[in-house]
Structures are given as structure tokens and as C-alpha cells.
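Worksheet for the structure shown next.
The values are calculated or read from the model by the stated rules, or taken from the named source; none is laboratory data. Predicted, not measured: the structure shown is a model, and the values here were computed from it. For neighbour counting, all protein chains shown are included, and Cβ atoms are generated from backbone atoms with ideal geometry for every residue, glycine included. With ligands, DNA and RNA removed, areas are computed over all heavy atoms of the protein, side chains included. Shrake-Rupley method; radii C 1.70, N 1.55, O 1.52, S 1.80 Å.
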Amino acid sequence: MSHRNQQLFERAQRHIPGGVNSPVRAFRSVGGTPCFFTQGSGSRMTDADGKSYLDYVGSWGPLILGHAHPEVVAAVQQAAALGLSFGAPTESEIEMANLLCALLPSLDMVRLVSSGTEATMSAIRLARGFTGRDTLIKFEGCYHGHSDSLLVKAGSGMLTFGNPSSGGVPADLAKHTLVLDYNDVAQLEGAFAEYGAGIAAVIVEPVVGNMNLIAPRQAFLDAMRGLCTKHGAVLIFDEVMTGFRVGLTCAQGHYGITPDLTTLGKVIGGGMPVGAFGGKREIMEMIAPLGPVYQAGTLSGNPVAVAAGLATLRLIQQPGFHDALTRKTQALCDGLAAAAKQHGVTFSAQSVGGMFGLYFRQQPPHSYAEVMDCDKDAFNRFFHAMLAAGHYFAPSAFEAGFVSAAHSDSDIAETIASAEAVFKVW
């Protein structure tokens with residue numbers, strides 16, 4: 001890594017733990033020095049040494065329109081000129097709530113927050129308050145933010161309550177979270193058979209993006225919906241990543257499942273910090289000030305952030321927007337897979353809407369265990385070779401990638417050509 005990036009990283013480590021403000025940015029998984037970026041435009045970013053990269057991270061999903069879209073920037077500038085924050089209601093919050101409820105039929109009411117973590121944390125508290133139950137089901141490899149109830153992992157055995165996977169998480173709290181295998185219908189049925197009367201909620205990434213991209217089996221989502229309905233549990237779709245990224249009606253529309261609560265983030269902020277959770281009226285009316293479940297946020301519904309989100313959501317409603325995004329993302333996956341096959345490299349790829357996954361294994365995985373079978377060293381080698389060639393992928397074998405509307409067909413072709421050159425000398 002060139003001189004300026006290294007200098008900045010050394011400076012950052014003096015007063016920022018690990019030199020970064022979010023762990024995956026540190027490049028610990030792939031090795032090397034992280035890039036420090038100075039600007040972005042369209043499909044490209046420029047680092048501190050002036051090197052340009054085609055960006056397939058997109059700020060981890062929000063930048064569905066690409067970097068610094070002129071209409072989004074103009075909306076932010078206009079809102080900022082009127083005031084950065086009020087800590088009081090604004091009309092733009094109403095516009096955002098109305099638009100989200102119009103686009104997603106599962107939402108009767110919605111509460112704006114400032115992050116995906118805040119949205120999922122609040123939705124779980126709301127589900128517990130609504131049902132009067134404590135137990136939460138999540139799935140191994142799914143990430144729903146860093147709140148205590150969710151930083152757990154499975155122990156031994158098929159059905160087991162979680163143990164803390166982070167320091168600072170009390171075991172007494174983690175024990176209320178049941179961790180199951182993603183895409184395993186039989187295990188889900190077994191959990192409800194044994195614990196159904198105490199299960200407050202099931203939370204799931206309907207398309208997983210935090211152990212690389214894992215597509216759901218339809219039968220898995222169907223069973224989840226049926227079991228939650230039968231046992232009176234709240235089904236929470238964590239669409240922080242998939243929301244408006246896989247389609248205009250999100251993953252729930254794509255797969256035809258109506259959750260009880262939905263959490264949103266990323267795209268609805270257009271690159272600014274916005275999150276939301278919403279769902280059925282009878283559940284949402286349990287939130288303060290209407291009900292006993294407390295949730296608050298000084299910067300919730302921040303007018304500058306909401307302006308960016310509204311501008312983004314309006315632009316992605318253009319006819320054919322998601323069809324074009326899906327086509328480009330699929331073209332990237334098909335091209336990379338063909339380049340690897342041409343040179344005998346074990347590799348596969350898949351996409352859902354504008355999200356994609358790259359795997360150094362013969363077939364795309366369906367579970368956490370299969371993800372762990374991927375050749376991590378091969379991914380790290382690929383990552384650094386592509387970075388050197390000017391293509392920025394997520395610095396981890398366990399993260400999904402993102403294509404934006406700003407990526408042109410020639411951008412995709414350039415990336416495939418670079419990968420073909422990498423695989424040729426593999």
C-alpha cells in the first residue's frame with residue numbers, strides 16, 4: 001500500500017482503537033493496510049494517494065445511486081442550509097414515513113432512528129413487549145447490529161441457547177437468544193415444538209449479507225412465517241441491507257412473505273445515517289408515547305439525513321431501475337464465474353437484485369457451515385490482486401458486495417477483464 005495510506009493508518013492507531021471506527025475496515029481479515037478515501041463520484045472512489053478504484057462496497061450498501069449523486073447532494077445542501085437538527089418534529093419525517101408505508105404494504109406505522117443497529121434493537125424490544133415473552137430466535141451467520149441480545153453464537157448441539165460472542169455481553173442476557181442454522185426448516189420446526197410458548201420473535205436477514213451473500217430457500221421463509229403465526233411470535237425481517245436494494249418492495253416482496261415488523265437502513269438514508277422499524281399497527285402502538293415500550297433518539301428523523309433518504313427513494317422508483325441494477329449485478333457474477341472457469345479456478349458467484357456474493361468453492365453456499373468451507377486464503381489473494389488493479393471489493397470473505405446504478409456496462413466489463421488477468425496467472 002502506498003505512502004499516504006500507510007501514514008494515515010499509523011496516525012489513526014494512536015487514538016482510534018485498531019485505527020478504524022468499524023472493525024472490518026481494518027483489513028485484519030485480508031491483511032495489509034486499509035485505504036483511506038478522500039472522495040467518490042459515481043462508481044469510483046479515490047484514495048489518499050490519488051489512486052482510483054471501481055467501488056463494489058458502496059459504503060456497505062447505501063449508495064445504490066453511486067457516490068455523490070447530484071440530486072442527493074443538492075437535497076442535503078438545501079436541508080442543511082435550513083438547519084442541521086431541531087430535536088423536534090419536521091414535515092420531512094412525515095414524508096419519509098408515508099413513503100415507506102406506501103412502498104411496503106407490511107408497514108402500517110414506522111419509527112425513524114439513526115442506524116440499523118438501533119432499528120433491530122428497538123424492534124426486538126418491541127416484539128418482547130408486545131408478546132410478553134423473552135426468547136429470541138436468530139440464525140448463525142446473520143448479523144443484526146451490535147446490541148447485546150444479538151452478539152451470540154451457537155454452542156454444541158442442534159438446538160442450543162447462545163453464548164456471548166463478544167466481551168461485555170452478560171451470559172444471562174445471551175441465554176434468551178436461540179441460535180439456529182439458516183435455511184434449516186427441520187431445526188426451526190424443532191425449536192418451535194420445544195420452546196414455542198416462550199418465543200417472542202424470530203429475526204432473520206431474508207437474504208443474508210453478513211456471512212457473504214446467502215439466498216434463502218423459499219420453503220424456509222414460508223415455514224418461518226407459518227410457525228410464527230401459529231405460535232403467536234413476531235416475525236422480524238431485518239431488511240437493513242436488502243431494503244430497496246433487492247427490489248422496490250424489498251426482500252419481502254421478492255419472496256412474497258409479509259413480516260410483522262421490518263427494520264430498514266442503508267438505502268433509506270442514501271449514505272446518511274438513517275434507520276427505521278415498522279410494521280403492524282397493533283404492535284407499533286406499543287411504542288412510547290402510545291405504549292409501555294420505550295424508545296427514543298435525539299437525532300432520530302434528522303432533517304439532513306432524511307432529505308438524502310427521500311431523494312434516493314424517489315430516484316429508485318423510476319421505471320426499470322431495479323431491472324437494470326439486477327441485470328448489471330448478474331452480468332458481473334456471470335462474467336467473474338466464466339473467467340474463473342476458463343482458467344480452472346474453483347469459484348462461484350450469485351446475486352439477488354443489486355447484491356452479490358463471491359465464493360471460492362464449487363457452488364454458492366446455503367448455510368454458515370458451507371460458507372466456512374470456502375477457501376478464505378484464495379479470497380484474500382483475489383482481493384489484493386483486484387485492489388492492485390483498481391477494484392475495491394469488501395475486505396472480507398464474509399461480506400456481500402454491491403453494484404450501483406452508476407456502474408456502467410463498461411465498468412463491469414473492466415472488472416471482469418481484470419479478474420480474468422488475475423485468474424490467468426493464478
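Calculate how many DSSP beta bridges within the chain are antiparallel, expressed in % of all such bridges and rounded to the nearest 5.
Given both bridge residues lie in the chain, the antiparallel proportion sits at roughly 60 percent.
Just to be sure I understand the model, the point goes 7 Å from the Cα along the line to the Cβ. What's the resulting Ala88 to Asp108 distance in nm?
Modelled inter-label distance: 3.1 nm.
Report the antiparallel proportion of the DSSP beta bridges in the stretch 87-226 as a percent, rounded to a multiple of 5.
40 percent
Let's see if you can work this out: charge +1 on each Lys and Arg Cβ, -1 on each Asp and Glu Cβ, no other charges. What is the dipole magnitude of the stretch 19-119 about its Cα centre, in debye to the nearest 20?
440 debye
Using only DSSP helix segments of four residues or longer, with each worth -39500 (n - 2.57), what per-residue ellipticity at 222 nm results for the chain after dividing by its residue count and rounding to 500?
Result for the chain: -11500 deg cm²/dmol, rounded to the nearest 500.
Report the calculated FRET efficiency for Gln363 and Ser166 (r = Cβ-Cβ distance, R0 = 30 Å), to the nearest 0.05.
0.40
Among the DSSP beta bridges whose two residues both lie in the stretch 213-372, what percent are antiparallel, rounded to the nearest 5?
Of those bridges, close to 60 percent are antiparallel.
With all protein chains present and a 1.4 Å probe, how do Met372, Met286 order by accessible area, largest first?
Reading off the accessible areas and sorting them downward yields Met372, Met286.
Quick one: accessible area per residue over the chain, 1.4 Å probe, rounded to a whole number of Å²?
Per-residue value: 41 Å².
Explain nothing, just compute: Karplus ³J(HN,Hα) = 6.51 cos²θ - 1.76 cosθ + 1.60, θ = phi - 60°, for every residue of the stretch 81-89 in order, whole Hz, x for Gly and Pro.
3J(HN,Hα) across the stretch 81-89, in whole Hz: 5, 8, x, 7, 6, 10, x, 8, x.
Subtracting the Cα-Cα distance from 0.36 nm times the residue separation, let me have the gained length for Ser52 to His343 in nm, one decimal.
102.0 nm
Summarise the accessible area of the chain (1.4 Å probe, protein heavy atoms) by the percent that is carbon and sulfur.
53 percent
Using θ = phi - 60° and the Karplus form 6.51 cos²θ - 1.76 cosθ + 1.60, what ³J(HN,Hα) does each residue of the stretch 331-336 get, whole Hz, x for Gly and Pro?
Karplus-based 3J(HN,Hα) across the stretch 331-336 equals 4, 4, 5, 4, x, 5 Hz.
Under a crude label model (7 Å from the Cα following the beta-carbon direction), how far is Gln317 from Asp373 in nanometres?
My value for the distance between the label points is 4.4 nm.
Taking 45 Å as R0, compute the FRET efficiency from the Cβ-Cβ separation of Leu173 and Ser41 and round it to 0.05.
With R0 = 45 Å, the Cβ-Cβ based efficiency is 0.55.
Which one of Phe382, His407, Tyr368 has its Cα pushed farthest toward the positive end of the charge dipole of the stretch 294-426, where Lys and Arg give +1 and Asp and Glu give -1 at the Cβ?
His407
Place a +1 charge on the Cβ of each Lys and Arg in the chain and a -1 charge on the Cβ of each Asp and Glu, then give the dipole magnitude about the Cα centre in debye, rounded to the nearest 20.
Using only the charged Cβ atoms, the result is roughly 500 debye.
Rg/Rh for the stretch 222-342 to two decimals, with Rh computed the Kirkwood way over all alpha-carbon pairs.
On the Cα set of the stretch 222-342, Rg over Rh gives 1.07.
Where does each of 257-268, 78-89, 274-285 land if you order them by average Cβ count within 10 Å, highest first?
Packing order, densest peptide first, comes out as 257-268, 274-285, 78-89.
How much accessible area does Lys376 have with a 1.4 Å probe, in Å² rounded to the nearest 10?
We get 70 Å² for Lys376.
Of Lys328/Lys376; Lys138/Lys328; Lys51/Lys266, which sit over 30 Å apart, Cα to Cα?
Over 30 Å Cα-Cα: Lys138/Lys328.
How large is the accessible surface of Asp172 in square angstrom, using a 1.4 angstrom probe and rounding to the nearest 10?
Its accessible surface works out to 110 Å², give or take rounding.
Using a 1.4 Å probe on the protein heavy atoms only, what accessible surface does Val422 show? Give it in Å² to the nearest 10.
Taking all protein chains as shown, Val422 has close to 20 Å².
What is the calculated FRET efficiency for Gln7 to Lys230, with r their C-beta to C-beta distance and R₀ = 51 Å, to the nearest 0.05?
0.30
What distance in nm separates the simple spin-label points at Ala219 and Glu189, each placed 7 Å from Cα in the Cβ direction?
0.9 nm
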